[in-house]
1. As I understand it, the dipole of segment 31-166 uses +1 on the Cβ of Lys and Arg and -1 on the Cβ of Asp and Glu, about the Cα centre. Which of Val91, Tyr136, Gly152 lies farthest toward its positive end?
2. In deg cm²/dmol and to the nearest 500, what is the mean residue ellipticity at 222 nm of the chain if only DSSP H runs of at least 4 residues count, each as -39500 (n - 2.57), divided by the residue total?
3. Roughly to the nearest percent, how much of the accessible area of segment 105-155 is carbon and sulfur, given a 1.4 Å probe?
4. Tell me, what is the per residue accessible area of the chain in Å², probe radius 1.4 Å?
5. Mark the label point 7 Å from the Cα of Asn228 along Cα→Cβ and return the residues of segment 164-206 whose backbone N is within less than 15 Å of it.
6. Here are a few candidate values for Cα extents along the principal axes in Å: (i) 47, 42, 33; (ii) 83, 42, 27; (iii) 70, 40, 32. Which one was actually calculated from the structure I just gave you?
7. Can you compute the FRET efficiency between Asp107 and Val27 using 1/(1 + (r/R0)^6), with r the Cβ-Cβ distance and R0 = 45 Å? Round to the nearest 0.05.
8. Quick one: length gained pulling Lys174 to Lys151 fully straight, 0.36 nm per residue minus the C-alpha distance?
Amino acid sequence: MWKIGSEKRFYYLATIALVAIFVITLVQNVIRYSDHSSYSIWVSIGYLCVSVLLFVPFLMLGLRIQKIIQKRYPKIYWVLIVCSVPVILFVFYLLSNVVLHSFGYFDHFIDQEYARYYFGREALYHLLLIIAAAIYVHNTKEKKRTILVSKGRKTVTLPLVSVLWVEADDHYLKFHTETDTFIKRYSMGAIAKQLSPDFIRIHRKYLVNKEHIHSKEKQQRDAYLVLNSGKRLKIGQSYKPVSW
């Protein structure tokens, strides 16, 4: 499971770092150019908001992409990260160019002076944050969650990612996979809390793995969840509406 709290802390720290860079650069600009008659501190503030602080949502998007890369291509994670860094910086450079042009800072969408400024200083700060995000993602790799279940007289360690849905059957629970069914003596309420948020309760009898949901269907007054396997499970009236 991804630790949402620690992810938020990373965003906070990254934002604080960018704000600190913003303040330091603004102070430097004031010291250097305040004697110039054409200098305006408000122009500097607007300029730095785009070239520095606009990177915050860009970093959030980048971290999401890094998590997808880590999940799908773990063996070549760092190769893909290194290859993506210049692309991310260049795309941000183009985006910030367009934004600054729209506010009247530049006469053209691509400004050569801004290129020298951005890749001479701000790009280095952004590069360090991208690497920090990549390290964070790499060090918080998702661990496979498992559960102890029974198959006949055997106790089996079952990866939860392979469970399509859980079904209540008297005092037991049935864990359905694509090829088999396992049981465990446990209450549905307790297991629903334990497996949240990866599984959602759709019925007093059913708990469904969100990764295996294909769609939702309505048939007259009844609603059903359709799994990737084609299995249809009825949604209980008291559990509507169901979203995932």
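1. The one lying farthest along the dipole's positive direction is Gly152.
2. -15500 deg cm²/dmol
3. 56
4. Details: 15240 Å² over 244 residues.
Per-residue value: 62 Å².
5. Residues passing the 15 Å test: 164-165, 177-179, 199.
6. (ii)
7. Computed FRET efficiency for Asp107 and Val27: 0.95.
8. So the chain would gain 7.2 nm between Lys174 and Lys151.
The values are calculated or read from the model by the stated rules, or taken from the named source; none is laboratory data. Everything numeric here is computed off the predicted structure, so don't read it as measured data. FYI the Cβ positions are ideal-geometry reconstructions off the backbone, even for glycines, and counts take in every protein chain you see. The area values use the complete protein model at the heavy-atom level, side chains included, leaving out ligands, DNA and RNA. Shrake-Rupley method; radii C 1.70, N 1.55, O 1.52, S 1.80 Å.
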